[in-house]
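Inspection log for the structure reproduced underneath, given as structure tokens.
The values are calculated or read from the model by the stated rules, or taken from the named source; none is laboratory data. Note that the structure is predicted; figures quoted are calculated from it, not measured. We place every Cβ from the backbone using ideal geometry, glycine too, and count neighbours over all the protein chains shown.
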Amino acid sequence: MRIKKLLFASFMLFAFVARGDNGVVLILRDGTSAGFLFDQKPVLVTGATLDVKTDVKTVSYDYAAVQRAVFGDVVPSSVSLAKKNVDIAFKVTADGVVVLGLAKGERAQAYGIDGKKLCSGIAVDDQTPVVLPLPSGRVAVVVTSTGLSFKVRSK
């Protein structure tokens, strides 16, 4: 009985430790990288754009600008520079987009498909994320002052 409890506890611990964010890292042709984090497992669909889809959100990126797409952990912060694997990361949530990895003073903005600015934010330091709240049912284009841009569709 004790062995069963120990075995069960070790499986639960392994499941807790092994669980990571559902991330996709895009290695871009210009040498930079962008990471996307989702609450659910994403699926990649290619065409004129590279679409990263979940049940509730779709992120579209210019396929011609992408050299390689990799599933895995997305580590955007410089807390541990040895583990940093993307230049900038985007956490796509049900409420919007959280931008991580911007330097102090860099800006992230979201625009509707009509060109009107929906929201924007400026990084106050290298560690604080910029939160862009986006209403559900909208299509928005997220642009950073570093030149990265992508489209987000929510259901």
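Listing for the model above:
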| read-out | value |
| --- | --- |
| Set VAL56, VAL17, VAL75: member being at pLDDT below 90, more than 19 Å from the chain's Cα centre (by Cα) and hydrophobic (A, V, I, L, M, F, W, C) | VAL17 |
| Pairs with Cβ under 9 Å, 6+ apart, first in segment 38-59 and in contact (Cβ under 8 Å) with a residue 40 or more places away in the chain and exposed (fewer than 15 other Cβ atoms within 10 Å of the Cβ), second outside any strand (DSSP E or B) and not hydroxyl-bearing (Ser, Thr, Tyr) | ASP55/GLN40; ASP55/LYS155 |
| Matching residues, segment 143-155, being surrounded by fewer than 18 Cβ atoms within 10 Å (Cβ to Cβ) and among the hydrophobic types (A, V, I, L, M, F, W, C) | VAL143 |
| Residue count, segment 43-75 (criterion: outside any strand (DSSP E or B), closer than 14 Å to LEU28 by Cβ and in contact with a strand residue (DSSP E or B) (Cβ under 8 Å, 6 or more places away or on another chain)) | 2 |
| Every residue from segment 113-142 that is buried (at least 17 other Cβ atoms within 10 Å of the Cβ) and assigned to a strand (DSSP E or B) | LEU118, CYS119, GLY121, VAL130, LEU132, ALA140, VAL142 |
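Each row is one residue, and each column tells you yes or no for (1) within 14 Å of the chain's Cα centre (by Cα); (2) not aliphatic (A, V, I, L, M).
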| position | (1), (2) |
| --- | --- |
| ALA108 | yes, no |
| LYS116 | no, yes |
| GLY121 | no, yes |
| PRO129 | yes, yes |
| THR146 | no, yes |
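Residues checked against (1) among the aliphatic types (A, V, I, L, M); (2) under 18 Å from GLY23 (Cβ atoms):
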residue	(1), (2)
ASP87	no, yes
ALA103	yes, no
ASP114	no, no
SER120	no, no
PRO129	no, yes
LEU132	yes, no
ARG138	no, no
VAL142	yes, yes
LYS151	no, no
